[in-house]
Amino acid sequence: MKHFILQPSMRSSIGGAFYPTGYSMVMFPSAEDADRIGHRLIEKGMSGDEVYLLPADTVLEEISPTAKNTDNPLPSAGTDAATVRAHTKLARDGHTGLLVRTKDEAAASRLIELVRTVPYSIAQRYRTLVIEDL
């Protein structure tokens with residue numbers, strides 16, 4: 001798995017909130033489950049460069065700040081800031097994130113099939129102009 005560093009391309013062009021188009025973000029109550037699912041994805045053929053493990057501290061330090069000014073001066077037209085706030089709340093409760101490149105429906109299906117084998121808190125796929133619940 002790859003070390004996560006927030007890239008400019010992972011932010012919304014309007015407001016700057018975390019919006020990694022072409023990726024899915026899953027939050028797990030257990031860091032061990034997140035790590036296990038990430039490694040299983042790689043074992044099943046996904047590139048390790050397309051899977052990021054995000055401990056709670058990383059979510060709070062890298063992703064949470066992206067929602068600070070998204071509703072200023074006007075409320076956000078989308079749900080990107082609200083989604084960041086949901087990830088932030090879970091991270092404050094100690095949940096671990098897994099960010100996975102899901103460039104097509106097949107990749108998203110493989111991901112959610114594995115994710116559903118363990119308890120998870122939230123699973124969302126970022127597509128152009130829509131955040132889809134998985």
Subject >> Selection status of Leu99, outside any loop (DSSP other than H, G, I, E, B), closer than 20 Å to Pro55 by Cα, more than 15 Å from the chain's Cα centre (by Cα) and of a type outside the set (Ser, Thr, Tyr) >> reply: no
Original post:
Are any of the residues in region 32-55 assigned to a loop (DSSP other than H, G, I, E, B), under 26 Å from Lys68 (Cβ atoms) and more than 15 Å from the chain's Cα centre (by Cα)?
Top reply: no
Original post:
Name the residues in region 1-30 that are closer than 18 Å to Thr88 by Cα, within 11 Å of the chain's Cα centre (by Cα) and β-branched (Val, Ile, Thr), would you?
Top reply: Val26
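In the list Arg116, Arg125, Arg92, Arg101, which residue meets the criterion of being loosely packed, with under 15 Cβ neighbours inside 10 Å and either of a type outside the set (D, E, K, R) or in contact with a strand residue (DSSP E or B) (Cβ under 9 Å, 6 or more places away or on another chain) (or both)? Even if it seems obvious, please write down each step before you answer.
Working: Arg125 fails: loosely packed, with under 15 Cβ neighbours inside 10 Å; Arg92 fails: either of a type outside the set (D, E, K, R) or in contact with a strand residue (DSSP E or B) (Cβ under 9 Å, 6 or more places away or on another chain) (or both); Arg101 fails: loosely packed, with under 15 Cβ neighbours inside 10 Å.
That would be Arg116, the only listed residue that is loosely packed, with under 15 Cβ neighbours inside 10 Å and either of a type outside the set (D, E, K, R) or in contact with a strand residue (DSSP E or B) (Cβ under 9 Å, 6 or more places away or on another chain) (or both).
Please find, among Thr83, Thr70, the residue that is in a helix (DSSP H, G or I) and modelled with pLDDT under 95. Full working, then the answer.
Working: Thr70 fails: in a helix (DSSP H, G or I).
Sole residue among the options that is in a helix (DSSP H, G or I) and modelled with pLDDT under 95: Thr83.
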Original post:
Taking Glu62, is it farther than 22 Å from Met1 by Cβ, under 16 Å from the mean Cα position of the chain (by Cα) and not in a loop (DSSP other than H, G, I, E, B)?
Top reply: no
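Counting only residues that are out of contact with any strand residue (DSSP E or B) (no Cβ under 8 Å at 6 or more places or on another chain) and modelled with pLDDT of 90 or more, how many does region 6-28 have? Walk me through it before giving the result.
Looking only at region 6-28, we keep the residues that are out of contact with any strand residue (DSSP E or B) (no Cβ under 8 Å at 6 or more places or on another chain), and these are 7-9, 13-16.
The next check asks that each one be modelled with pLDDT of 90 or more; those that pass are 7-9.
Within region 6-28, residues that are out of contact with any strand residue (DSSP E or B) (no Cβ under 8 Å at 6 or more places or on another chain) and modelled with pLDDT of 90 or more number 3.
The values are calculated or read from the model by the stated rules, or taken from the named source; none is laboratory data. Note that the structure is predicted; figures quoted are calculated from it, not measured. With ideal geometry, Cβ positions are generated from the backbone for all residues, glycine too; neighbour counts draw on all protein chains shown.
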